[in-house]
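The values are calculated or read from the model by the stated rules, or taken from the named source; none is laboratory data. Values in this document were obtained by computation on a predicted structure and should not be read as measured data. Here the Cβ is made from the backbone with ideal geometry for all residues, glycine too, and neighbour counts use every protein chain on show. These accessible areas exclude ligands, DNA and RNA; they are computed on the full protein's heavy atoms, side chains included. Shrake-Rupley method; radii C 1.70, N 1.55, O 1.52, S 1.80 Å.
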Amino acid sequence: EQSLYRRLGGYDLIASVIDDLFALLRADPRFSRFGMGRSLDSHLRARQLLVDQVCSLAGGPCFYIGRDMKTSHVGLGITEEEWQANLQYTSDVLKKHGVGEPEHAEFLDLFTRYKEDIVEGAP
């Protein structure tokens, strides 16, 4: 069976999904606090880290050099509401890009497996 990376169409699709996701998050006032006080370079670095992480987790050739999810998110106070909004935006972007149902679910699982490390107070 082919990797999720291959079934999605590779790096370009993953990068496009992340770009569209970040655009939606930036436009939502609930997420404005995450971009405050960060330079353009910091935003671009965060984007590249997420592209590399998703690419790697999906079985692609990328190498993720970022921190673990708990370290990266501790103290941010990410709520269940923000978590659910992020997942909905991700789902919307995957639909926009025509990602099929099995791959759609697998892609979302790349995020949901880290919920306990990201959402403060998650069970």
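Does the range 70-86 include one or more residues that are over 21 Å from SER32 (Cβ atoms), loosely packed, with under 11 Cβ neighbours inside 10 Å and out of contact with any strand residue (DSSP E or B) (no Cβ under 6 Å at 6 or more places or on another chain)?
The first filter runs over the range 70-86 and keeps only residues over 21 Å from SER32 (Cβ atoms), leaving 70-71.
From what's left, loosely packed, with under 11 Cβ neighbours inside 10 Å: 71.
Then drop every residue that is not out of contact with any strand residue (DSSP E or B) (no Cβ under 6 Å at 6 or more places or on another chain), which leaves 71.
Yes, there is a match, as at least one residue in the range 70-86 is over 21 Å from SER32 (Cβ atoms), loosely packed, with under 11 Cβ neighbours inside 10 Å and out of contact with any strand residue (DSSP E or B) (no Cβ under 6 Å at 6 or more places or on another chain).
For ILE118, state whether it is open to solvent by less than 30 Å² (accessible area, probe 1.4 Å) and over 24 Å from TYR5 (Cα atoms). Write out each step before concluding.
Values: open to solvent by less than 30 Å² (accessible area, probe 1.4 Å): yes; over 24 Å from TYR5 (Cα atoms): no.
Spelling it out, it is not the case that ILE118 is open to solvent by less than 30 Å² (accessible area, probe 1.4 Å) and over 24 Å from TYR5 (Cα atoms).
Does ASP28 satisfy the condition of being surrounded by fewer than 12 Cβ atoms within 10 Å (Cβ to Cβ) and closer than 24 Å to GLU116 by Cβ? Considered against the rule, which asks whether it is surrounded by fewer than 12 Cβ atoms within 10 Å (Cβ to Cβ) and closer than 24 Å to GLU116 by Cβ, ASP28 comes out as no. Would the range 111-122 turn up any residue that is under 12 Å from the mean Cα position of the chain (by Cα), modelled with pLDDT of 95 or more, assigned to a helix (DSSP H, G or I) and within 19 Å of GLY35 (Cα to Cα)? There is at least one residue in the range 111-122 that is under 12 Å from the mean Cα position of the chain (by Cα), modelled with pLDDT of 95 or more, assigned to a helix (DSSP H, G or I) and within 19 Å of GLY35 (Cα to Cα).
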